Amino acid sequence: MNRNETARKVRAQIERFSGIFSPHFSKPQARFIAEMLFGIQASQDTKLSEITRALDEPIKEKKTEERLCRHLAAEGMDTLINEQIIKDASRCIHQNTLIVVDPTDIRKQYARRMEYLARVRDGSTGQLCDGYWGCLAVACETNSRRAIPVHQRLWSSKAPDFVSENEQLLQIITMIAKATKKRGIYVMDRGGDRNKLYNPMLDLQLRFIIRLVGNRHLLFRGRARAASDLADGCPMAYAETLVKEEHGDEKIYRIEYGFRRVKLPGRKGQLYLVVIKGFGKEPIMLLTNVEVKKTRQILGFIVEAYTARWLVEETIRFIKQSYRLEHMRSLKYQRLRNMTALVLAAAYFSARWLGQAIKLSILSTHVLKAAKRFFGVPDFHYYALADGIGRLLSRLSYTAKSTRSQESQSEHSQLLLSIPP
């Protein structure tokens, strides 16, 4: 199969994928979404000027860019895109699938005229700068290195409709829970250690694993105790050696872990404090309502579930770097929110539709070969997929006439249903 043929097949898959959005948008908007998915993949950029060049339409580029800009302002497009992606992704989310929810930031430190620009803390440097807050949710399994982005949104604390970060996170969690019928286990870092998240999640009977800050008090044997004190006295039941890959290097950790049965003050449900020692000077404390027993398999699952966050950190870097998320230049807030959702759709296409469907595995292999990377394909293969798709589509103009049909959409639905869990 030559490159042109592979490129045409990738384009056809993008058109079929865009079909999951078509029933919820007008025909012009549905066509716009398909064009944007092609343009983002081909240009690996979020600047409308670069996407316009990638589309290579037989009209003036200015006219194409104006049309894209006009459609990008549609109210509510970001919500509908996120809803359809998690609905499609729910097929691969099972009872013990991890759903890692990780707030992030989108830096715009040189911007001055963007709407509702706010102060955010750069997650890389810890410094305050101008930008927007965001959140990415990723689904993955403890025994796999593959992560599927299922939700991404952007918000500003200065926007008129902004209530709180808690409200934004709860909207994400409830949207995912509704689509998955409460399947999955929600994993969050210390930013999730809040009563305003615990209480709604417990009320909704959602399972979670959340890292504690350390100053929280828990009920242990009927008495309120500081979580840090409970961690210090927690017996370590098992020990493991873990290897973490960082920028091509391997870092080896010798860890020990154990648990205590605890409760939240004011709540009756049984919770578990899982303590992990060996990642640093201070122990990692995880609060979970997933039933824990003193077996290596069950307790080890909780430890593996938390370390799956490493994949999410890499997924955030992948989206920011491969699609240049922080290059967005739109001045209007709604356009920024819609572009963020469209980038999620592009990343989801690479991760789920092209990367994992069994009958598309040959196509995926050809795309990986087309990515000219030094030292071969990296372990986090989505980078290579994005590079390969970009190289292939950059030689191909997008035709406005869609080749997707209801028959092909039905065929793909059957294909996904045939994928084993």
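Please count how many residues of region 300-318 are farther than 21 Å from THR46 by Cα and open to solvent by 40 Å² or more (accessible area, probe 1.4 Å).
Result for region 300-318: 3.
Quick one: what pairs do we get from region 208-220, first residue more than 12 Å from TYR272 (Cα to Cα), second surrounded by fewer than 19 Cβ atoms within 10 Å (Cβ to Cβ) and aliphatic (A, V, I, L, M), C-beta under 9 Å, 6+ apart or different chains?
If the second residue must be surrounded by fewer than 19 Cβ atoms within 10 Å (Cβ to Cβ) and aliphatic (A, V, I, L, M), the pairs left are GLY214/ALA226; ASN215/ALA226; ARG216/ALA226; ARG216/LEU264; HIS217/ALA224; HIS217/ALA226.
Would you please name the residue that is farthest from ILE14 (Cα to Cα), looking only at residues in region 84-97 that are surrounded by 17 or more Cβ atoms within 10 Å (Cβ to Cβ) and at pLDDT 95 or above?
Filtering first and then ranking leaves THR97.
Residues checked against (1) hydrophobic (A, V, I, L, M, F, W, C); (2) crowded, with 17+ Cβ neighbours inside 10 Å:
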residue: ILE173; (1), (2): yes, yes
residue: ALA177; (1), (2): yes, yes
residue: LYS181; (1), (2): no, no
residue: GLY191; (1), (2): no, no
residue: ASN199; (1), (2): no, no
residue: VAL213; (1), (2): yes, no
residue: ASP229; (1), (2): no, no
residue: GLY233; (1), (2): no, no
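Take ARG261 and decide whether it is in contact with a Leu (Cβ under 8 Å, 6 or more places away or on another chain) and either surrounded by 15 or more Cβ atoms within 10 Å (Cβ to Cβ) or closer than 25 Å to ASP193 by Cα (or both).
yes
Take the conditions in contact (Cβ under 8 Å) with a residue 40 or more places away in the chain, at positive phi and out of contact with any strand residue (DSSP E or B) (no Cβ under 9 Å at 6 or more places or on another chain) and apply them to ARG329. Does it pass?
Here the answer is no, as ARG329 does not meet what is asked.
Name, by its number, the condition in (1) farther than 22 Å from ARG324 by Cα; (2) assigned to a loop (DSSP other than H, G, I, E, B) that does not hold for LEU169.
The one condition LEU169 does not meet is (2).
Run down LYS158, LYS108 and say which single residue is more than 18 Å from the chain's Cα centre (by Cα), open to solvent by 40 Å² or more (accessible area, probe 1.4 Å) and at pLDDT 90 or above.
LYS158
Residues VAL101, VAL138: which one is touching a Cys at 6+ places or on another chain (Cβ under 8 Å), buried (at least 18 other Cβ atoms within 10 Å of the Cβ) and of a type outside the set (Gly, Ala, Ser)?
Exactly one of VAL101, VAL138 is touching a Cys at 6+ places or on another chain (Cβ under 8 Å), buried (at least 18 other Cβ atoms within 10 Å of the Cβ) and of a type outside the set (Gly, Ala, Ser), namely VAL101.
So which pairs qualify, if the first residue must be in region 121-140 and closer than 10 Å to ASP105 by Cβ and basic (Lys, Arg), the second must be open to solvent by less than 20 Å² (accessible area, probe 1.4 Å) and part of a strand (DSSP E or B), the Cβ gap must be under 7 Å, and the two must be at least 6 apart or on different chains?
Once the first residue is closer than 10 Å to ASP105 by Cβ and basic (Lys, Arg) and sits in region 121-140, its partners that are open to solvent by less than 20 Å² (accessible area, probe 1.4 Å) and part of a strand (DSSP E or B) give ARG121/ASP105.
Among LEU331, LEU336, which is the only one that is open to solvent by 70 Å² or more (accessible area, probe 1.4 Å), at pLDDT 50 or above, more than 22 Å from SER394 (Cα to Cα) and of a type in the set (A, V, I, L, M)?
Just one listed residue meets the conditions, LEU331.
Among GLN297, GLN321, which is the only one that is free of Cβ contacts under 8 Å to residues at least 24 places away in the same chain, open to solvent by 80 Å² or more (accessible area, probe 1.4 Å) and of a type outside the set (Lys, Arg)?
GLN297
The values are calculated or read from the model by the stated rules, or taken from the named source; none is laboratory data. Remember, it's a predicted structure, so these values are computed and weren't measured experimentally. Cβ coordinates were reconstructed from backbone atoms using ideal geometry, including for glycine residues, and neighbour counts include every protein chain displayed. Remember, those area values only see protein heavy atoms, side chains included, never the ligands or the DNA or RNA. Shrake-Rupley method; radii C 1.70, N 1.55, O 1.52, S 1.80 Å.
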